[in-house]
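Working notes, structure below.
The values are calculated or read from the model by the stated rules, or taken from the named source; none is laboratory data. Owing to the predicted nature of the structure, the values given are computational and were not obtained by experimental measurement. Cβ atoms come from the backbone with ideal geometry, glycine included; neighbour counts cover every protein chain shown. These accessible areas exclude ligands, DNA and RNA; they are computed on the full protein's heavy atoms, side chains included. Shrake-Rupley method; radii C 1.70, N 1.55, O 1.52, S 1.80 Å.
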Amino acid sequence: MVPRPARPSRSGHVPAQLLLLGVTPVVPGFLRDAFVGLPAGRPADLSRRGTRVNHWLDIVSGTVSAGLAVRLAVTSPKQKSVNRRLTLSPGATYG
């Protein structure tokens with residue numbers, strides 16, 4: 001059984017085709033992660049180094065958390081506590 005993308009009729013060397021097929025998504029993913037991850041290290045170094053930066057990060061994250069809590073409290077649906085009796089229809093079975 002040979003996977004469909006590997007075609008012996010094209011070049012004849014199926015292991016090389018499968019290797020290329022496997023490496024193709026890995027290389028761009030690695031490059032993308034390096035492109036995003038390496039610049040992200042600079043702000044992390046700044047936050048570890050200075051107490052002033054940590055203080056402002058604490059203020060900003062606390063404000064965002066409090067704002068989201070207020071939004072959740074205001075927009076969440078109110079549930080009424082109603083104690084209703086379940087009435088069964090004659091001959092009906094539930095459960």
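Taken as a whole, the condition of being surrounded by 10 or more Cβ atoms within 10 Å (Cβ to Cβ) and modelled with pLDDT of 85 or more does not apply to THR75.
Let's see how each residue does on (1) modelled with pLDDT of 80 or more; (2) open to solvent by less than 100 Å² (accessible area, probe 1.4 Å):
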| site | (1), (2) |
| --- | --- |
| ARG32 | yes, no |
| ALA40 | yes, yes |
| LEU46 | no, yes |
| ASP58 | yes, no |
| ALA66 | yes, yes |
| SER81 | no, no |
| PRO90 | no, no |
| GLY95 | no, no |
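Please indicate, with yes or no, whether at least one residue in region 24-41 is under 24 Å from the mean Cα position of the chain (by Cα) and either among the acidic types (Asp, Glu) or at positive phi (or both). So far as region 24-41 goes, yes, one or more of its residues are under 24 Å from the mean Cα position of the chain (by Cα) and either among the acidic types (Asp, Glu) or at positive phi (or both). Among the residues of region 11-21, those that are assigned to a loop (DSSP other than H, G, I, E, B) and at pLDDT 70 or above comprise GLY12, HIS13.
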